Structure formats: structure tokens, C-alpha cells
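Peer 1: Sharing a structure here in C-alpha cells format.
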Amino acid sequence: MQANNIIGVGLGAYLDCKDWAAGKDTGNKSALYISGAEVGRSVASDVILGPWRDSDGPDLVDVMLDVDTRTYLPGDLLVKMDVATMAHSLEARSPLLDHELMQLAASLPPDMKVRGTEKKVGLRAAMRGTP
């Protein structure tokens, strides 16, 4: 299978997952609403598709990580941490988001990032044996 076909198949699965998480109507959701109510269209694919096409990741894992770094991280995870810490007058840091560390992690081969269902393979291996 060519790389473009793999990327295309991966994008479809990725968008399906994002649409499901965003509550996209799969036919059953409409039944929960009163008659005449409209179910909103998910914009998940609109948000993901541009960064997916712009990614220069050499394989599916790198493309997915690149898209998450451009969308999910700044648009969701960092916002949640910021809101939660400000609500309690706390200052929080994300040390693993240092740009040099992110560049190093991005340069690792895919099998050092994900192996089956195990994530952060390289980080776990590097930290093994540390207190």
C-alpha cells in the first residue's frame, strides 16, 4: 500500500474518531431531541483537515501527532490546564513542551513513539530505572 493510501485511510479513521468525540449525529442522536429540533453539524473535520493536509510527517504516526500538536494541544489541553490553574491561583508549567524536546521527540522513529497500544515508548525507556 502506498504512503498516500495509508495516510488517506488513517485520516478517515482519525476524522471518524474526532467526529464521534465531538458528538456528530450517527442517526441515533436525532431520536433524543424533541420533534423539530436540529442537530448541529460537527466542525471536527473542518478543524482537522487543513493541518492534516499541511503536515509533512513521513508516516501516519507523525502526521497524527503533528495534527494533534497543532489542534488538540493548543485548542483543548492547554486551555483546560490554564483555566483550572487560574481558577485556583496556581502557576503551571508543561516541561515536556519545551521546543527542543518536542523537536527531539518528533525526530524519533515511529516505533519509539507508539508500539501497538503502548504510547510514549521512548520516554518510558529513557526513564526506566530513574527514581
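Only the coordinates and a few stated rules stand behind these numbers; no lab work does. In this text the structure is predicted, and so the values were computed from the model without any measurement. All Cβ positions, glycine included, derive from the backbone under ideal geometry; neighbour counts span all protein chains shown.
Peer 1: At a 10 Å Cβ-Cβ cut-off, how would you order Val83, Val61, Val67, fewest neighbours first?
Peer 2: In order of increasing Cβ crowding within 10 Å: Val83, Val61, Val67.
Peer 1: Taking neighbour counts of Cβ atoms within 10 Å as a proxy for exposure, in what order, fewest first, do Met81, Met64 appear?
Peer 2: Met81, Met64
Peer 1: Determine the sum of side-chain charges near Pro109: Lys and Arg each +1, Asp and Glu each -1, restricted to other residues whose C-beta is under 10 angstrom from that of Pro109.
Peer 2: -2
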